[in-house]
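Q: Take a look at the following structure, please.
The values are calculated or read from the model by the stated rules, or taken from the named source; none is laboratory data. Small disclaimer: the values here were computed from a predicted structure and weren't measured. Virtual Cβ from ideal backbone geometry, glycine too; neighbours counted across all protein chains shown.
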């Protein structure tokens, strides 16, 4: 029987807030802009178009599972999965509202006719400073699913940025540590468990906190049963990335897998990972090249897709 292929993807969809009938400002960047005219509908269509193309070249199919970041609520997901470009996949979604101050969340969509959700929950941390003041960030989405009679464990992540070094660095460390502890529990029960960690880590694949807290390896043949393979290390380049920060390419969006996907006799096998940076997602900026065609810059509406490119992994089964 010929091997079949499926796409697992992650996409930070840039401030995808719901459209409301309220005259109040939305939560869009700095509260300056609202979804006026058909801007929201354009965003739905563009994100749906992007999702429909991720991995299509390799699989000739829509993605099996897509982790998403920066989604406000379920109404956004309802509009995405009902879009004509995605209806063929018959997607459903998993969504939990976090306590994030910006009201953006991680979530996922999945082909419900092909993959079964066995369990899902948010991994939530409430932080307190020395004065007892509470602060929050995005939850990590944890999903257990069954595909082709195999169990897959997903972690969908959107870590705090490093802008506020003193506060956010500790938040990032705590969240990565919680993910790692959950991974250890799974692997202690089954050393060949198939685990996927995907998300916007707001840092590069070689960053110490990611490498050390998650116990990642850059080379596939060096991965031990309790380690995580990070194929994004091999994709790092000055000429390519998943977003642009201060006119430089960065690869903050990542997909990692455990050794269960790497053994030759596994029913589900990792084949490759890549950045989905097709030309239609880009915009030429002066002489700097083709950067992600984003929706907004501050309050200025550009009408693009997102300030991030999707990333994806191809598995065979």
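Q: Take residue 64 and decide whether it is surrounded by 15 or more Cβ atoms within 10 Å (Cβ to Cβ), farther than 23 Å from residue 175 by Cα and touching a residue at least 24 places away in the same chain (Cβ under 8 Å).
A: The answer is yes for residue 64.
Q: Then there is this: Name, by its number, the condition in (1) farther than 23 Å from residue 145 by Cα; (2) surrounded by 13 or more Cβ atoms within 10 Å (Cβ to Cβ) that does not hold for residue 239.
A: In the conditions (1) farther than 23 Å from residue 145 by Cα; (2) surrounded by 13 or more Cβ atoms within 10 Å (Cβ to Cβ), residue 239 misses (2) alone.
Q: Could I ask something else about it? Can you pull out the residues in region 171-217 that are assigned to a helix (DSSP H, G or I), surrounded by fewer than 20 Cβ atoms within 10 Å (Cβ to Cβ) and without any contact (Cβ under 8 Å) to a residue 40 or more places away in the chain?
A: The answer is 177, 180, 181, 185, 186, 188, 189, 208, 211, 212.
Q: Another question, then. Applying the selection to region 99-119, what residues are more than 16 Å from the chain's Cα centre (by Cα) and under 17 Å from residue 179 (Cα atoms)?
A: 119
Q: If you go through region 184-213 one residue at a time, how many are under 18 Å from the mean Cα position of the chain (by Cα) and closer than 23 Å to residue 266 by Cα?
A: Of the residues in region 184-213, 5 are under 18 Å from the mean Cα position of the chain (by Cα) and closer than 23 Å to residue 266 by Cα.
The rows are residues; the columns are (1) closer than 18 Å to residue 10 by Cβ; (2) in contact with a helix residue (DSSP H, G or I) (Cβ under 7 Å, 6 or more places away or on another chain).
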position: 123; (1), (2): yes, yes
position: 129; (1), (2): no, no
position: 133; (1), (2): no, no
position: 140; (1), (2): yes, yes
position: 151; (1), (2): no, no
position: 158; (1), (2): yes, no
position: 178; (1), (2): no, no
position: 188; (1), (2): no, no
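Q: Give all pairs with beta carbons closer than 8 Å in which a residue from region 231-251 that is at pLDDT below 95 meets a residue that is surrounded by fewer than 17 Cβ atoms within 10 Å (Cβ to Cβ) and in a strand (DSSP E or B); count only pairs at least 6 apart in sequence or on separate chains.
A: Note: pairs meeting the criteria are 238/248; 244/250.
Q: Moving on. Quick check on my filter: what residues within region 68-91 are under 24 Å from residue 147 (Cα atoms), surrounded by fewer than 16 Cβ atoms within 10 Å (Cβ to Cβ) and touching a residue at least 24 places away in the same chain (Cβ under 8 Å)?
A: The answer is 88, and nothing else.
Q: Go through 135, 120 for me and flag whichever is in contact with a strand residue (DSSP E or B) (Cβ under 7 Å, 6 or more places away or on another chain), under 24 Å from residue 160 (Cα atoms), at pLDDT below 95 and surrounded by 13 or more Cβ atoms within 10 Å (Cβ to Cβ).
A: 135
Q: Is there any pair linking a residue in region 141-153 that is farther than 14 Å from residue 197 by Cα to one that is outside any strand (DSSP E or B) and modelled with pLDDT under 95, with Cβ under 8 Å and at least six apart or on different chains, and which?
A: So the pair list comes out as 148/267; 149/267; 150/267.
Q: With the checklist (1) surrounded by fewer than 16 Cβ atoms within 10 Å (Cβ to Cβ); (2) more than 27 Å from residue 275 (Cβ to Cβ) in hand, flag the one item residue 56 doesn't pass.
A: Just one mismatch for residue 56, condition (2).
Q: Continuing with the same structure: In region 245-275, which residue that is closer than 14 Å to residue 202 by Cβ and buried (at least 16 other Cβ atoms within 10 Å of the Cβ) is farthest from the chain's Cα centre (by Cα)?
A: 250
Q: Taking region 277-317 on its own, how many of its residues are free of Cβ contacts under 8 Å to residues at least 24 places away in the same chain and part of a loop (DSSP other than H, G, I, E, B)?
A: Qualifying residue count, region 277-317: 4.
Q: So, of the residues in region 295-315 that are modelled with pLDDT under 95 and touching a strand residue (DSSP E or B) at 6+ places or on another chain (Cβ under 8 Å), which turns out to be farthest from residue 15 (Cα to Cα)?
A: Among those residues, the one meeting the criterion is 302.
Q: Which residues, counting only those in region 139-168, are modelled with pLDDT under 95 and either surrounded by 14 or more Cβ atoms within 10 Å (Cβ to Cβ) or under 22 Å from residue 310 (Cα atoms) (or both)?
A: 160, 161, 162, 168
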